[in-house]
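Remarks on the structure that follows.
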Amino acid sequence: MSVSAAHAADFLMQLSNPARLLAFAELVRVGDKGASIGEMAYRLDLTKPQTGELLGRLVGAGLATGSGDGYYRARADVLREAAQALDRTQPIAPFLADFPQLKAYFAHGRLTSLPPTMSERYQQIAELFARFLAIDGILTEDEVNSKISAAADDVAAVRRMLVETGWLERDRAGTSYGSGRVPTAI
């Protein structure tokens with residue numbers, strides 16, 4: 001597990017506790033002005049020691065800050081940063097960097113939708129997947145599906161797109177696949 005994945009897992013573990021999640025949400029709600037332990041105890045309907053323990057765990061995890069003025073503030077930006085760091089670890093991320101115009105079709109390293117058939121974006125996503133799959137030789141349908149599933153849930157649609165656009169060739173029986181054309185360098 002990468003460092004960024006470990007940090008994201010720690011954030012999620014800390015926020016999986018309903019009381020900590022509620023405390024974090026309340027700190028986000030109050031914004032930059034922050035809240036004291038007393039204010040948070042009142043808002044959360046907890047004792048000050050319970051609230052202090054919750055806030056201490058959030059600070060320890062890096063999800064909140066406690067300042068010298070006795071106020072705690074949420075660091076919601078760390079969740080965004082953790083999500084972006086995890087996105088960068090997805091296997092298709094390096095290929096998406098070469099196709100920034102296609103990022104709208106992906107969420108967290110997964111294909112979420114396809115553009116209209118025969119559009120320029122459809123052709124570009126097909127090329128992106130052809131580069132990602134880097135098919136060398138003959139593969140079975142299961143092998144192709146396994147490679148596609150690393151970045152897409154609708155494996156059949158992506159496989160069909162690759163065949164339709166000529167990036168992937170299928171034998172007559174539909175059981176073996178090979179590269180239809182070789183991507184040029186970007």
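The values are calculated or read from the model by the stated rules, or taken from the named source; none is laboratory data. Predicted model only: the values in this text are computed from it and were never measured. All Cβ positions, glycine included, derive from the backbone under ideal geometry; neighbour counts span all protein chains shown. With ligands, DNA and RNA removed, areas are computed over all heavy atoms of the protein, side chains included. Shrake-Rupley method; radii C 1.70, N 1.55, O 1.52, S 1.80 Å.
Only Lys, Arg, Asp and Glu carry charge here, each on its Cβ (+1 for the first two, -1 for the last two); on that basis segment 68-132 has a dipole of about 100 debye about its Cα centre. Estimated at the nearest 10 Å², the accessible area of Thr51 is 0 Å² with a 1.4 Å probe. Remark: segment 79-186 carries a charge dipole of roughly 200 debye about the Cα centre, counting +1 on each Lys and Arg Cβ and -1 on each Asp and Glu Cβ. Helix 3-15 axis versus longest C-alpha principal axis of the chain: approximately 50°, rounded to the nearest ten. Largest GNM mean-square fluctuation among Gly70, Gly56, Gly34, using the chain with Cα springs under 10 Å: Gly70. Output the antiparallel fraction of DSSP beta bridges having both residues in the chain, as a percent to the nearest 5. If we restrict to bridges inside the chain, about 95 percent are antiparallel. Note on Lys147: lysines with a C-alpha under 27 Å away, same-chain residues under 8 apart excluded, are Lys103. Magnitude of the charge dipole for the chain, about its Cα centre and with charges confined to Cβ atoms of Lys, Arg (+1) and Asp, Glu (-1), is about 320 debye.
Out of Ala151, Ala173, Ala23, any idea which swings most in a Gaussian network model of the chain, alpha carbons joined below 10 Å? With Cα springs under 10 Å in the chain, the top fluctuation among Ala151, Ala173, Ala23 is at Ala173.
Normalised by the number of residues in segment 1-155, the mean separation of alpha-carbon contacts (under 8 Å, six or more apart) gives a relative contact order of 18 percent. Working from label points 7 Å from Cα in the Cα-to-Cβ sense, the Glu81 to Asp171 distance is 5.2 nm.
Considering only Gly137, Gly60, Gly109, the Gaussian network model of the chain with Cα springs below 10 Å gives its largest mean-square fluctuation to Gly137. Bridging of Lys33 to lysines at a Cα separation below 24 Å is possible for Lys48, once same-chain residues fewer than 8 apart are set aside. Axis angle, to the nearest 10 degrees, between helix 120-133 and the longest C-alpha principal axis of the chain: 90 degrees. By the helix-only formula, in which each DSSP H run with n ≥ 4 contributes -39500 (n - 2.57) and the sum is divided by residues, the chain has a 222 nm mean residue ellipticity of -15500 deg cm²/dmol.
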